[in-house]
Amino acid sequence: MSEKNWSFEVPGKLEVPYKYYAGEWGSKFLAALRDNMKIMGSKCPTCNKVFIPPRSSCEQCFGKISEWVEIGPKGKVTSFCVVNYKEPYLPVEPPFVLALIRLEGADSDLTHIISEVSPENVRIGMTVAPVFAEQRKASILDIKYFKPAG
Ligand SMILES: [Zn+2]
């Protein structure tokens, strides 16, 4: 038997079921969306940076964070793209706008969908507000999307 015959490949695909644990801070963030329709961030006591999604340590000064602050609900689009392809994991049908949104009071951006406006009319600097889902499940999609908010 030659060296070449010692191994072979079988093409295939494995599916592995799993549950994602959002951690203590991520879980509190998602519960606030679900239960109170509030967007919560965390604030560093040393450099006063406010993070969304909230985090327990500061990426600026590496200090421990313990303070929760409500941010938004409005924000401004800082960047965006138009998604034109369809994938089973995407939450809405293309084309749709995926944007970075700097919520009022935050020092980092939240990525979310912009709707109720045609993609060609979305602009950087546009003020947007969240539209919450009627049935909330402690998911980032408890914010159904953001819409223009003059
Ligand atoms: Zn800090």
Using only the Cα atoms of segment 66-150, build the gyration tensor, take square roots of its eigenvalues as a ≥ b ≥ c, and label the shape rounded, prolate or oblate: rounded if a/c is under 1.5, else prolate if a/b is larger than b/c, else oblate. oblate
Could you work out how far helix 23-36 tilts from the main Cα principal axis of the chain, as a 0 to 90 degree angle to the nearest 10? 50 degrees
Using the structure shown, list the pairs from 38/86; 64/147; 74/144; 19/49; 49/147 with a Cα-Cα distance above 23 Å, or answer none. 38/86; 64/147; 19/49; 49/147
Restricting to Cα pairs below 8 Å that are 6+ residues apart, what does the relative contact order work out to for the chain? Please round to a whole percent. 20 percent
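Read-outs: derived from the displayed coordinates by stated rules, not from any lab. From a predicted model like this one, the values you see are computed outputs, not experimental measurements.
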